[in-house]
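Visitor: Dropping a structure here in structure tokens format, bear with me for questions.
The values are calculated or read from the model by the stated rules, or taken from the named source; none is laboratory data. Values in this document were obtained by computation on a predicted structure and should not be read as measured data. Using ideal geometry, Cβ is built from the backbone for each residue, glycine included, and neighbour counts are taken over all protein chains shown. Remember, those area values only see protein heavy atoms, side chains included, never the ligands or the DNA or RNA. Shrake-Rupley method; radii C 1.70, N 1.55, O 1.52, S 1.80 Å.
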Amino acid sequence: MGVWKIIDIVGVHDANRALIAASESKTDGIRKEIDEFAKEHAVRFSRERRKNQEIGEQAIDLSTENVKMEATFSTQNSRIESLKKEIEEKVETIITFKVELANFGKKIEAINQKATHSRRDILLIQSKLQDIEMQAQNEKERKQRIFNNLADYAEITSIMKDHFVRTIDALYTEKYDRPWIEKGEMIKLNLFSFNFEKGLLALPVGKEIGLEPGAFLSIGSLGEIICKIKIMESSQNQSLGLIMPLFGQPEKLLSIKSFDLTHL
């Protein structure tokens, strides 16, 4: 019986040894798997670490690039704002220039108008100068004619003196023997003054030709009776006549230089 126990113990021992050997073999397999896994994990960890390092470096590069881009953006934004401000200033300057240009255009137009007026004035002055030169030439010719006629001046003077004496005698007789102008007679006058609003006509003749207050006279030109007047005041060498209303066209006196005076 002791032998069987020993055999049993030996069997158990052998079994245990076999189990231990199997366990050790299995452990060795597991250990190999663990080593292979560790090696593979180390390779993966190294690869991931390199990737992480590369990603970190890329992140640093991106961060650096971002900082640069932000700095560049800030600089560009500042430049853009500066350009906007410069554009606004340029626009204001352009508007100012346009206003000044418009004012300058008006000044040029005014200067051109003055120049045009000046040219017209120059033409008028030149025309007047030509007239004056022509008058001066005529005066020179007249002076020469007078100088040429001076040779006969003594004889002409004597004749004119005799004629003057006879004329004075005739005028004196005409003046004191009868009125200068009688009813129905007519004389021509070149000098007169006309006040249309008051209806008055001033004559350069008066009592010396027999015009007395109350006398009626007609004013005519080119055979047409313009108006009739009544002498209101009279003195030597002048008189004042009242234009009779509702007769003729007294306004024509404004356009004539002489007229016929007829005693009615």
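Visitor: Out of the total accessible area of region 1-125 (probe 1.4 Å, heavy atoms of protein only), what percent is carbon and sulfur? Numbers along the way, then the final one.
Guide: Numbers: 7060 of 11560 Å².
Heavy-atom surface of region 1-125 belonging to carbon and sulfur, 1.4 Å probe: 61 percent.
Visitor: A further question on this structure: Nearest 0.05, what FRET efficiency do residue 27 and residue 57 give at R0 = 30 Å with Cβ-Cβ as r? Provide the component values of the computation, followed by the final result.
Guide: On the way: r = 43 Å, r/R0 = 1.42.
About 0.10, to the nearest 0.05.
Visitor: Now for a separate question. Give me the net charge for the shell around residue 57: Cβ to Cβ below 14 angstrom, other residues only, Lys and Arg +1, Asp and Glu -1.
Guide: 0
Visitor: Out of the total accessible area of region 189-245 (probe 1.4 Å, heavy atoms of protein only), what percent is carbon and sulfur? Walk me through the numbers before you get to the answer.
Guide: Values: 1700 of 3050 Å².
Using a 1.4 Å probe with all protein chains present, region 189-245 comes out at 56 percent carbon and sulfur.
Visitor: Over the Cα atoms of region 1-119, each weighted equally, I'd like the Debye log10 I(q)/I(0) at q = 0.10, 0.11, 0.12, 0.16 Å⁻¹, rounded to two decimals.
Guide: -0.76, -0.81, -0.85, -0.98
Visitor: Okay, moving on. Residue 94: net charge of surrounding residues, Cβ under 12 Å, Lys/Arg +1, Asp/Glu -1, itself excluded? Each step should come with its number before you reach the end.
Guide: Working: positive: 90, 98; negative: 88, 89, 92, 100.
Residues close to residue 94 contribute a combined charge of -2.
Visitor: Let me ask something else. Can you give me the long-range amide H partners of residue 205? Hydrogens built in the peptide plane at 1.01 Å from N, cutoff under 5 Å, separation of 5 or more residues or another chain.
Guide: Result for residue 205 returns 239.
Visitor: Which of rounded, prolate, oblate describes region 75-143, given a ≥ b ≥ c as roots of the alpha-carbon gyration tensor eigenvalues and a/c under 1.5 marking rounded, otherwise prolate only if a/b is larger than b/c? Each step should come with its number before you reach the end.
Guide: Details: a/c = 15.43, a/b = 8.16, b/c = 1.89.
Since a/c reaches 1.5 and a/b is larger than b/c, the shape of region 75-143 is classed as prolate.
Visitor: So with the 1.4 Å probe, I'd like the accessible area per residue for region 1-126, rounded to whole Å².
Guide: On the way: 11660 Å² over 126 residues.
Per residue, region 1-126 has an accessible area of 93 Å².
Visitor: When the chain is fully extended, how far beyond the present Cα-Cα distance does residue 67 get from residue 236, taking 0.36 nm per residue of separation? Could the numbers behind the result be given before it?
Guide: Values: separation 169, 0.36 × 169 = 60.84 nm, distance 11.90 nm.
Gain in length upon complete extension: 48.9 nm.
Visitor: Right, something else. Would you please put 243-256, 98-111 in order of how densely packed they are, using the mean number of other Cβ atoms within 10 angstrom per residue and starting with the highest? Don't skip to the answer; put the middle values down first.
Guide: Working: 243-256: 13.0, 98-111: 10.2.
Highest to lowest by the protection proxy: 243-256, 98-111.
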